[in-house]
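Engineer: Provided herewith is a single structure, encoded as structure tokens, for subsequent inquiry.
The values are calculated or read from the model by the stated rules, or taken from the named source; none is laboratory data. Here the structure is a predicted model, which is why all the values come from computation and not from measurement. Here the Cβ positions follow ideal geometry from the backbone for every residue, glycine too, while neighbour counts run over all protein chains shown.
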């Protein structure tokens, strides 16, 4: 079971910079992901406009956003929500009544359906949900693929899984920064064809540059039926979206929630999309290689693996016997915080240090933060 560590820092935030928070007069670089894709203080006072609902009033910002998302993704339709959780829930609700296929270590939200498909194991016959294996440090591609074949064949004897809906992340964040491999992606495509399944890809975390891609599903060659966005799209403001092609009886005017894609949040989203250029995405890829190299070069028996993609990087921390060590990981996380960098922990045992800088953070900020993290990991090798 995945229960990410989100222990709050002591003290209260008094102000924020573009990539930092100030607590008790001390400034912290935010590598926790809380700065989303574009950093804090992204919206300036002059850009504050009315959060007028698109439910009744047309406005150029929301309509430009619809066009921009269609251009970026290749999808014809968009359903706006107020969060990534709501986006995933909406995509699954569009297929209500079909069995759902998810993966162990997944997290898609805490709404009713997303909670059911997240963080489960095995076959849930009552709710017709199947939780497959996702390759990670403990499970090889081959083992996961073979296990999933057995699980699906067993599930097919309990209920009809033809036409089921698969929901997946391409990088499991809360599961421990587990990156889907090309081999596993090919096997998943075969499964989709064999069982005539629909595919929902949760890109709430990976889209808009954080994975080193505008939309990561394109890199894998998937042709999903639905793609879910959140977090980065609204720079932390309440906004999410489901991208899709077929018709769906939306409540009104592309909105799942009344205040989704308001005039204000749509304007913010357009500014975000304007910042996530090809140049910025190349920067994330190049800087990611630099970060990974710095971390891999650390000589420490307490680091089992450094993995990730783009600005989603995990450092798998273990004890002297090579077993996951959440107590040590928390100590490292706290030491790093005392030195001025905020990270979180993830993985099934909260032993993976998660490093997720803002996508627009300049190299100097990245360099300072990674230097603190690297030195802490080096000296904490006991």
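Engineer: Just give me the residues in the range 203-228 being assigned to a helix (DSSP H, G or I) and touching a helix residue (DSSP H, G or I) at 6+ places or on another chain (Cβ under 6 Å), in sequence order.
Structural biologist: Scanning the range 203-228 gives a single hit, 220.
Engineer: From the list 276, 298, which residue is farther than 25 Å from residue 214 by Cβ, in contact (Cβ under 8 Å) with a residue 24 or more places away in the chain and surrounded by fewer than 24 Cβ atoms within 10 Å (Cβ to Cβ)?
Structural biologist: Step by step, each of 276, 298 is checked, and only 298 is farther than 25 Å from residue 214 by Cβ, in contact (Cβ under 8 Å) with a residue 24 or more places away in the chain and surrounded by fewer than 24 Cβ atoms within 10 Å (Cβ to Cβ).
Engineer: Now, a different point. Every residue in the range 28-68 that is part of a strand (DSSP E or B) and modelled with pLDDT of 95 or more, please.
Structural biologist: Those that are part of a strand (DSSP E or B) and modelled with pLDDT of 95 or more: 28, 29, 30.
Engineer: Across the range 96-115, what is the number of residues that are surrounded by fewer than 21 Cβ atoms within 10 Å (Cβ to Cβ) and more than 18 Å from the chain's Cα centre (by Cα)?
Structural biologist: Residues in the range 96-115 being surrounded by fewer than 21 Cβ atoms within 10 Å (Cβ to Cβ) and more than 18 Å from the chain's Cα centre (by Cα): 4 in total.
Engineer: Check 186, 198, 154, 126 and return the single one that is at pLDDT below 95 and either farther than 16 Å from residue 108 by Cα or touching a helix residue (DSSP H, G or I) at 6+ places or on another chain (Cβ under 7 Å) (or both).
Structural biologist: 126
Engineer: If you don't mind, another one. With a cut-off of at least 2 residues that are more than 29 Å from residue 105 (Cα to Cα) and more than 24 Å from the chain's Cα centre (by Cα), name the helices (runs of 4 or more DSSP H) lying wholly within the range 266-382.
Structural biologist: Helices (runs of 4 or more DSSP H) meeting the threshold: 363-379.
Engineer: Just a yes or no: is a residue in the range 88-95 assigned to a strand (DSSP E or B) and crowded, with 24+ Cβ neighbours inside 10 Å?
Structural biologist: no
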